[in-house]
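A.B. asks: Quick one: the structure is below, questions incoming.
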Amino acid sequence: MADLVVERPEGLYCPPGDFHIDPWRPVHRAVITHAHADHARVGHAHYLAAAPAEGVLRARLGDISLQPLAYGETVEHRGVRVSLHPAGHVLGSAQVRIEHRGEVWVVSGDYKVEPDATCAPFEPVRCHCFITESTFGLPIYRWPPQQEVFAEINAWWAANAAAGRPSLLLGYSFGKAQRLLSGVDASIGPIVVHGAVEPVNRAYRAAGVALPATRLVSEVADKADLRRALVLAPPSVQGSAWRRRFASASDAFASGWMRLRGTRRRRGVDRGFVLSDHADWPGLMQAIAATGAGRVIVTHGYEAVLVRWLQQQGLQAGAFRTEYGDDAIEEAAAAGTGEDATP
Ligand SMILES: [Zn+2]
Ligand SMILES: [Zn+2]
């Protein structure tokens, strides 16, 4: 049985179906797992993506030829059946299930197994071969339950508000920022967001995700409000003129990388909150086991460590080299969107 997904210079490719998955170079047909910049790029002739991703994809990529597909619905192309299943990573994120002559492969995209209120929860899909991400594919990565993390964030915000200083919380503008918004206690004070965050909030609200009220700095009439505010911005604002408006702020970074000692210090922030939209090591193990796959192909992270571990468990395991990066790549682009950009 020939492989259903192979490596090509332009990206992962399904030979019998003649389409690519999250290609990094322009192709004819692209199946897109989610709208983060390293997975969803401009320049493809045709896009297929999960229906809930439509708003964020169009907000990022503009006028593309996009076929939205409901989760679990099947399209058939050249005898290959393709369906999309929730990956629990960000709004509209999907795993791609590919079936051809009884053989089933699943490409995970980025995923997280702990459910949250901003996107459909991860759904295990049985398959013969599972192509998994491994952003946090080391045994040291273990996330605390998100309720604990949100309790820490709320306590930090409340203490700052009581002391009359803003709380500047840094997190990626697409996905992380909305998850933070949905988890914080909005009764503590006003919430102010950077201009790169608000357009994404709009796409989430339009898709039916409940988020607390947010304002741009320019919309805060009484600047005294800022002293009690939670200010949400991408990490790229560090060192910028925008950041200097909140000179007295306590700052914090929300990321899975905060699990590593020293990361907070290197980031130069007061606090680090361990909150990731990727699976931790136990999450990867749980997801891989739930597929029942006898073969696993690792991408996007700590390939060698995870491949060796899977082989020790008796699985057939290998790696694909991809050009997916840290989701922070999108922040480099977002940094150029300016201050309080209100379209
Ligand atoms: Zn992602
Ligand atoms: Zn990614």
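A.B. asks: I'd like the Kirkwood hydrodynamic radius of the chain, using the inverse of the mean 1/r over distinct C-alpha pairs, in Å. Mind dumping the intermediate values first?
C.D. replies: Details: mean 1/r = 0.0484 Å⁻¹.
Computed over Cα pairs of the chain, the Kirkwood hydrodynamic radius comes out at 20.7 Å.
A.B. asks: About its Cα centre, how strong a charge dipole does the chain have in debye, to the nearest 20, once Lys and Arg get +1 and Asp and Glu get -1 at the Cβ? Walk me through the intermediate numbers first.
C.D. replies: On the way: 35 positive and 36 negative charges, 148 e Å.
It comes to approximately 700 debye.
A.B. asks: Of the options Leu169, Ala221, Pro199, report the single residue whose Cα projects farthest towards the positive end of the charge dipole of the stretch 146-273 (beta-carbon charges: Lys, Arg +1; Asp, Glu -1).
C.D. replies: Highest projection toward the positive end goes to Leu169.
A.B. asks: Once the mean 1/r over all distinct Cα pairs of the stretch 244-317 is inverted, what Kirkwood radius in angstroms do you read off?
C.D. replies: 14.8
A.B. asks: Right, next: Among Val106, Ser240, Ala30, pick out the residue whose Cα is farthest towards the positive end of the charge dipole of the chain, where Lys and Arg carry +1 and Asp and Glu carry -1 on C-beta, about the Cα centre.
C.D. replies: Most positive-ward Cα: Ser240.
A.B. asks: Helix-only estimate, please: 222 nm mean residue ellipticity of the chain, summing -39500 (n - 2.57) across DSSP H runs of length 4 or more and dividing by its residues, to the nearest 500.
C.D. replies: Numbers: 9 runs with 78 residues, N = 343.
Taken over the chain, the calculation gives -6500 deg cm²/dmol.
A.B. asks: State log₁₀ I(q)/I(0) for the stretch 211-283 at q = 0.23 Å⁻¹ as given by the Debye formula over alpha-carbon point scatterers of equal weight, solvent excluded.
C.D. replies: For the stretch 211-283, the Cα-only Debye profile gives -1.14.
A.B. asks: So for the stretch 146-273, what percent of the C-alpha to C-alpha distances run longer than 27 Å?
C.D. replies: Details: 835 of 8128 pairs.
Considering the stretch 146-273, 10 percent of its Cα-Cα pairs are separated by more than 27 Å.
A.B. asks: Okay, next question. Determine the distance separating the Cα centre of the stretch 17-46 from the Cα centre of the stretch 263-287; give it in Å without decimals.
C.D. replies: After rounding, the separation between the Cα centres reads 27 Å.
A.B. asks: Treat every Asp and Glu Cβ in the stretch 146-273 as -1 and every Lys and Arg Cβ as +1, leave all other atoms uncharged, and give the resulting dipole magnitude about the Cα centre to the nearest 20 debye. All intermediate terms of the calculation are to be shown ahead of the outcome.
C.D. replies: Details: 19 positive and 9 negative charges, 104 e Å.
For this selection, approximately 500 debye.
A.B. asks: Still on this structure, I have one more. Which ³J(HN,Hα) values in Hz, rounded to whole numbers, follow from the phi angles of the stretch 135-140 under the Karplus curve 6.51 cos²θ - 1.76 cosθ + 1.60, where θ = phi - 60° and Gly and Pro get x?
C.D. replies: My calculation for the stretch 135-140 gives 3, 10, x, 10, x, 5 Hz in order.
A.B. asks: Arg295 to Val42: extension gain in nm, 0.36 nm per residue of separation minus the Cα-Cα distance? Present the calculation step by step, with values, prior to reporting the outcome.
C.D. replies: Working: separation 253, 0.36 × 253 = 91.08 nm, distance 3.16 nm.
Fully extending the segment from Arg295 to Val42 adds 87.9 nm.
A.B. asks: Looking at the chain, what % of its DSSP beta bridges pair antiparallel, to the nearest 5?
C.D. replies: Close to 35 percent.
A.B. asks: Here's a follow-up. Could you order peptides 92-98, 265-271 by the average number of other Cβ atoms within 10 Å of their residues, highest first?
C.D. replies: On the way: 92-98: 27.4, 265-271: 13.9.
Averaged packing, sorted descending, gives the order 92-98, 265-271.
A.B. asks: Rank Val307, Ala158, His44 by how far each Cα sits towards the positive end of the charge dipole of the chain (+1 on Lys, Arg Cβ; -1 on Asp, Glu Cβ) and give me just the farthest.
C.D. replies: Result: Ala158.
No lab work stands behind these numbers, since they all come straight from the coordinates. Just so you know, these numbers come straight off a predicted model, no measurement behind them. Heads up, the Cβs are rebuilt from the backbone with ideal geometry, glycines too, and the neighbour counts pull from every protein chain shown.
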